Amino acid sequence: MTTTADALESFFEHATDPVVLRGFVQILAAVFLAFLVLGVIYVRDLGFEREVVRTAVQGLVQITAAGAVIGMLLVAHIAWAAVALSVMLCVAAWISHERGAAIPGVFRTSVVSIGFGAGLVIATMTLAGVIDATMRDMIVIGGMIIANAMQTNSLLLDRFTGELVENRSRIEAALSVGAAPERAIREHVSTSIYASLIPVLDSIRSLGIVKIPGLMAGMIIAGENPIYAAQYQFAVMLMLFGASGLTVVANTILVTRNVFTDAKQLDDAVLDAIES
């Protein structure tokens, strides 16, 4: 059984590895390139250089901390994978719900939707043997699936709220002649779902031609059969598509109810909050 001492020992072993110093040198090289972009932003007076710096620093701190935590989790009992994935799920829902924060209950629907989409895919592919039931695969691949579902959910909420505002009069006109809320909003839900899935569809379409994904590249560098690496990467891409699709479909079903009143009319307070 793994103890706290084992986890700390794993952390210090990874933290003192000479390769970590090389990693900081590589980051400095990348920072130089980022500063070139910042210079252009500053000279052109685009006004968001501080946000870029703040985001970069935040990203460095978060990813370094994540690496340290993952290093400790790798020696933990497999049951901790469920805890780690649950934390990822809640954080993912919190980040993406901000795109539709004006809609009541959107954080709750995001938790349920991402949990449903990503959870079903992780469970199914683990049972199928595509994802090994190990801390390494659960954290790395499970986190990848949750993150992709989060991004798609963000795109969905952003487009859905935009569709509501832009087509408010059309939806209200349909409702005024007796159309059910689901019917009046169906076209805009469909548009939102499709728009949210475009990035993952484009990623699948460009596989092997425009893009050699990192997972496949890493497997080939590690000495895996290139054909198997390609097959596994394709399976992963379909996992991401499945999690994304299930997430956005579930969230549209849940969140749509919250933009209508009990009288089956658009909630003016919600739409005014979106517009503001």
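Things to note:
- Condition check for Met88: surrounded by 14 or more Cβ atoms within 10 Å (Cβ to Cβ) and without any contact (Cβ under 8 Å) to a residue 60 or more places away in the chain: yes
- Of the residues Ile95, Ile122, the single one that is of a type outside the set (D, E, K, R), under 18 Å from Asn251 (Cα atoms) and in contact (Cβ under 8 Å) with a residue 24 or more places away in the chain is Ile95.
- Take the conditions (1) over 23 Å from Ala93 (Cβ atoms); (2) crowded, with 16+ Cβ neighbours inside 10 Å; (3) among the β-branched types (Val, Ile, Thr); Ile185 misses just one of them, which is (1).
- Residue check for Gly67: of a type outside the set (A, V, I, L, M, F, W, C), touching a residue at least 40 places away in the same chain (Cβ under 8 Å) and under 16 Å from Val140 (Cβ atoms): yes
- Residue match in segment 216-231 (condition: assigned to a helix (DSSP H, G or I), among the hydroxyl-bearing types (Ser, Thr, Tyr) and in the same structural domain as Leu155 (by TED's automatic domain parsing)): yes
- Unmet requirement for Glu187, which otherwise passes all of (1) of a type in the set (Asp, Glu); (2) more than 21 Å from Gly117 (Cα to Cα); (3) within 21 Å of the chain's Cα centre (by Cα): (3)
- Sole residue being part of a helix (DSSP H, G or I), out of contact with any helix residue (DSSP H, G or I) (no Cβ under 9 Å at 6 or more places or on another chain) and not acidic (Asp, Glu), chosen from Ala184, Ala118, Ala123, Ala173: Ala123
- Within segment 187-215, being of a type in the set (S, T, N, Q) and in a helix (DSSP H, G or I) holds for Ser190, Thr191, Ser192, Ser196, Ser203.
- Yes/no for Ile198 being aliphatic (A, V, I, L, M), surrounded by fewer than 15 Cβ atoms within 10 Å (Cβ to Cβ) and under 20 Å from the mean Cα position of the chain (by Cα): yes
- When the criteria are applied in full, Ala133 meets the requirement of being farther than 12 Å from Ser154 by Cα, in contact (Cβ under 8 Å) with a residue 12 or more places away in the chain and either aliphatic (A, V, I, L, M) or surrounded by 14 or more Cβ atoms within 10 Å (Cβ to Cβ) (or both).
- If you filter segment 255-265 down to residues that are among the hydrophobic types (A, V, I, L, M, F, W, C) and surrounded by 18 or more Cβ atoms within 10 Å (Cβ to Cβ), you find that the one that is nearest to Val106 (Cα to Cα) is Val255.
- Cβ separations smaller than 7 Å between residues 6+ apart or across chains give the following pairs from segment 235-247 residues that are assigned by TED's automatic domain parsing to the domain that holds Asn148 and at negative phi to residues that are outside any helix (DSSP H, G or I) and among the β-branched types (Val, Ile, Thr): Ala235/Val130.
- Segment 126-140, residues that are among the β-branched types (Val, Ile, Thr) and in contact with a helix residue (DSSP H, G or I) (Cβ under 7 Å, 6 or more places away or on another chain): Val130, Ile131, Ile139
The values are calculated or read from the model by the stated rules, or taken from the named source; none is laboratory data. Keep in mind that what you see is a predicted model, and the values were worked out from it rather than measured. Cβ atoms come from the backbone with ideal geometry, glycine included; neighbour counts cover every protein chain shown.
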